[in-house]
Amino acid sequence: SSMGFLHHYVLPEGRVDLPWGEVQDGAKLLDAADAWLFPTADGTDCGSPLLALWKPYGVVTTMASQEPRNLKQFLQESGHRVVPHIGRLDKGTTGLLLLSDNGDVHRILLAQGGVPKTYVATVNRPTASAEQIQQLLHGVPIDDTGTPARALSAEVLGHELVSRGGGMPGVARKIQIRVQLNEGRNRVVRRMFQALGLPLRQLHREAIGPLSCAKLGLVSGQIAAVPSDQLLCLLAACQKDQKGQDAAGGWSPDHGRAVYNALRCGSLLCNVRRGTIPSSQRVAVESWLAEHWTLVGPCLEPFRRFTATAVRCACEDPGASWCVP
């Protein structure tokens, strides 16, 4: 079965280097750039394709040069190369923003129903009722789709004391609420709180899956490379269930490799079926897939059965490139 291929070849016990080199030249998909999947003998990181930024307030998540304070300008002025962003944060939201030029990482992390995101919302109110917190969990209508936005978790953290300003004495108490969601509708957190009569003073994204600003040691405006093992654990967090977690409740890099390779093998099969593999190498690629993966069923069946994300390939959606969220 396809799941047998997944577990035997992509999720081995211990480290097994798969013979990607046999199809590198033909497919142009499984290449040396993915050396980060496996650690070196001395434990040296081979160069993760993922960067993490603590986006400051006021920076606009766009590469459009005409937009004032755009992300491209911020990266250039910070001395970093310009790397595409994965998802976005609005201008007034701070916190964790991921960047990568690896298309497969993009597709996995952007897919609907994928990695949960955690936010800390500072509300322009001193309190929030238990009913309002429960409503975040039960679902809040935010548009005319008929599908309410639901938080996976919601909890009151405490209060922030804010100077009243304008010559007014003392400070004001602003309640802080942490919420976790796994959907990405535009400005979804702000719209949920607004619909409940909880206008936001500040919104900060503190984590994406198991990856957090605190864990990476980031401060506002700082960019850091995400270590390969942490990227693999992040990819593992896309799973449907808890099988990717170790005894301590953390995510396993081995399962992250499985998620990533399941997409790569599925997309390779999609390219074979659509005839984008050179005819001179098609037989060799098909032979490799037959031995190490599968040639039957939907291209991304193993990937979808293994993860919670909603990704489709170009065989299913002719308008797509070859694999889109």
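What follows draws every value from the coordinates through simple rules; no lab data is involved. These numbers come from a predicted model, not from an experiment. Reconstructed Cβ throughout: ideal geometry from the backbone, glycine too, with neighbour counts over all protein chains shown.
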If we sort 140-151, 184-195 on the protection proxy, mean other Cβ atoms within 10 Å, highest first, what's the order? 184-195, 140-151
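Evaluate E = 1/(1 + (r/R0)^6) for Ala35 and Gln281, where r is the Cβ-Cβ distance and R0 equals 22 Å; express this FRET efficiency to the nearest 0.05.
0.50
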Förster radius 22 Å - calculated FRET efficiency between Ala130 and Arg185 (Cβ-Cβ, nearest 0.05): 0.30
Taking H as built 1.01 Å from N, whose amide H comes closer than 5 Å to the amide H of Ser212, not counting residues under 5 places away? none
Taking 7 Å along the Cα-to-C-beta vector as the label spot, tell me the Arg88-Leu161 distance in nanometres, rounded to one decimal. 3.9 nm
Between beta-carbons, use under 14 Å as the cut-off and find the net charge around Thr62, counting Lys and Arg +1, Asp and Glu -1. +3
